[in-house]
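Below is one structure, written out as structure tokens; comments come after it.
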Amino acid sequence: MCNYRAGILLLAVVLGSLKNTTAQSCSDVAATAATKMLYKKLHALQQQQIIFGHQDALAYGVGRKNAAGNSDIKIVAGDNPGMYGWDIGHLELDSTKNLDGVSFTKMKQYIQQGYKRGAVITISWHLRNPLTGGSAWDTTHGTVTSILPGGSKHELYKTWLDRVAVFMNSLKNEKGEMIPVLFRPFHELTGNWFWWCKNTNSTEEFKQLWIFTVDYLRQQKNIHHLLYVYNTANFSSEAEFLERYPGDAYVDVLSFDQYQHEAKEQKAVFIQSMRTKLSMLSAIATTKNKLGALAETGFESVPDDAWWTGTLWPVLKDFSLSYVLVWRNHGYMPSTNKMHYYAPYKGQQSAEDFRKFYRNPKILFEKKLKTKQLYN
Ligand code: BMA
């Protein structure tokens, strides 16, 4: 009887630890050692600190067309972001530059440089509409159906994935090892502005698209250095967040995007709305033992002197998140006649506050992140 009980207890302990190991392993069982290590370390880190990221940081800045490896954040705070976001939109067209004019050759070099300094790399994909040839924002219904197996554009879509595979496979370090990437395809999926958003296709079709894409890259293209980021726009319940979730075997990071559109006087509304979503996201991430992230945020042209410590920090402070990323510093945009940027540049009105935010021990930029040795 005693032995029997001890046996059951031992089994429970072993199963318990197995469950933990499995749950903290990334979704790709064949992931490279560095990818598995990164995922494990990001899990540990998420309990204590949040990595700060910036889109296109090394490619250009406000008023600086060619950043030559510098970044607005470094100019303002003396350090680079801890995460670099890049977008491979137009890679599918075999273009030499992405949709915002960043050369893919340079992007690859920036990725290698950031990785070498210990930062994390994330990639999104504003891919064009494969059915119509229009942009990612062409929401023609039926596009998702057309690229699923059996659809009229399925073969075309595979050629696009082949190009993604070539680029991903070119991201190697000096030893020839693959640089792990947090890949965030079909982002903002609960919105209504991209052809993959939920108003244009069924839940089942979306899940099929995600699963096909991941399986194709893993099995046909043998790509095992990607962590997959599931990303919604607005959502009002955990059920809504998970409605199109393709399954734990296909996702490593749970995230959403939300920007401040409220005037700075209404910041309490934005803070409250973000905190409501972050608390739902954190609950799901904890249950699923996945990473949680705020994959895109910001206040366009940061028209609030204290946005970083007075809005972003109150949003983040009570949650265990892996990272937060602000969008690109394009500068003046003739099409909208507006300034389009989300991080401060030298002399920008929130620069001083950003330096305060930089000194927050809970926020990780590149120098501190390097000491965490995320890849080995
Ligand atoms: C949007 C804007 C666009 C850009 C796109 C992809 O939010 O910044 O100008 O083309 O992201 O980077």
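The values are calculated or read from the model by the stated rules, or taken from the named source; none is laboratory data. What you see is a predicted model; the values in this text were computed from it and never measured. Ideal geometry is used to build each Cβ from the backbone, glycine not excepted, and the neighbour counts take in all protein chains shown.
What the table below lists for this structure:
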{"quantity": "Extreme residue, surrounded by the fewest Cβ atoms within 10 Å (Cβ to Cβ), among residues of region 124-163 that are within 16 Å of the ligand (Cβ to nearest atom) and not polar (S, T, N, Q)", "calculated": "Trp137"}
{"quantity": "Test result for Leu321, touching a residue at least 60 places away in the same chain (Cβ under 8 Å), assigned to a loop (DSSP other than H, G, I, E, B) and in contact with a strand residue (DSSP E or B) (Cβ under 7 Å, 6 or more places away or on another chain)", "calculated": "yes"}
{"quantity": "Selection status of Glu366, charged (D, E, K, R), more than 16 Å from the ligand (Cβ to nearest atom) and surrounded by fewer than 22 Cβ atoms within 10 Å (Cβ to Cβ)", "calculated": "no"}
{"quantity": "Selection from region 175-194 of residues that are part of a loop (DSSP other than H, G, I, E, B) and among the hydrophobic types (A, V, I, L, M, F, W, C)", "calculated": "Ile179, Phe186, Leu189, Trp193, Phe194"}
{"quantity": "Qualifying residue in region 261-276 (condition: buried (at least 17 other Cβ atoms within 10 Å of the Cβ) and hydroxyl-bearing (Ser, Thr, Tyr))", "calculated": "no"}
{"quantity": "Residue match in region 77-85 (condition: surrounded by 15 or more Cβ atoms within 10 Å (Cβ to Cβ), free of Cβ contacts under 8 Å to residues at least 24 places away in the same chain and in a helix (DSSP H, G or I))", "calculated": "no"}
{"quantity": "Failed criterion for Ala249 (all others in (1) crowded, with 16+ Cβ neighbours inside 10 Å; (2) under 18 Å from the mean Cα position of the chain (by Cα) hold)", "calculated": "(1)"}
{"quantity": "Some residue of region 42-56 being touching an Asp or Glu at 6+ places or on another chain (Cβ under 9 Å), within 22 Å of Trp327 (Cβ to Cβ) and in a loop (DSSP other than H, G, I, E, B)", "calculated": "yes"}
{"quantity": "Residue within region 60-75 that is modelled with pLDDT of 95 or more and touching a His at 6+ places or on another chain (Cβ under 6 Å) present", "calculated": "yes"}
{"quantity": "The lone exception for Phe299 - which of (1) within 16 Å of the ligand (Cβ to nearest atom); (2) without any contact (Cβ under 8 Å) to a residue 12 or more places away in the chain it fails", "calculated": "(2)"}
{"quantity": "Contacts under 6 angstrom Cβ, first residue in region 50-63 being on the phi < 0 side of the Ramachandran plot, partner within 14 Å of the ligand (Cβ to nearest atom) and part of a strand (DSSP E or B), 6 or more apart", "calculated": "Gly53/Gly85; Gly53/Leu325; His54/Val326; Gln55/Gly85; Ala57/Tyr84; Val62/Gly331"}
{"quantity": "Residue check, Ile211 among the aliphatic types (A, V, I, L, M) and either under 22 Å from Gln46 (Cβ atoms) or without any contact (Cβ under 8 Å) to a residue 40 or more places away in the chain (or both)", "calculated": "yes"}
{"quantity": "Residues satisfying the stated conditions in region 97-117, i.e. within 16 Å of the ligand (Cβ to nearest atom) and among the basic types (Lys, Arg)", "calculated": "Lys97, Lys106"}
{"quantity": "Output for region 331-344, where each listed residue is in contact (Cβ under 8 Å) with a residue 40 or more places away in the chain and either more than 16 Å from the ligand (Cβ to nearest atom) or of a type in the set (S, T, N, Q) (or both)", "calculated": "Pro344"}
{"quantity": "Failed item, numbered, when Val326 is tested on (1) more than 16 Å from the ligand (Cβ to nearest atom); (2) touching a Pro at 6+ places or on another chain (Cβ under 9 Å)", "calculated": "(1)"}
{"quantity": "In region 219-242, the residues that are part of a loop (DSSP other than H, G, I, E, B) and of a type in the set (Val, Ile, Thr)", "calculated": "Ile223"}
{"quantity": "Selection status of Leu217, over 30 Å from Ser282 (Cα atoms), buried (at least 16 other Cβ atoms within 10 Å of the Cβ), within 20 Å of the chain's Cα centre (by Cα) and at pLDDT 95 or above", "calculated": "no"}
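Matching residues to (1) among the acidic types (Asp, Glu); (2) more than 19 Å from Leu189 (Cα to Cα); (3) in contact with a Leu (Cβ under 7 Å, 6 or more places away or on another chain):
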position: Ser237; (1), (2), (3): no, no, no
position: Glu243; (1), (2), (3): yes, no, no
position: Val253; (1), (2), (3): no, no, yes
position: Leu312; (1), (2), (3): no, yes, no
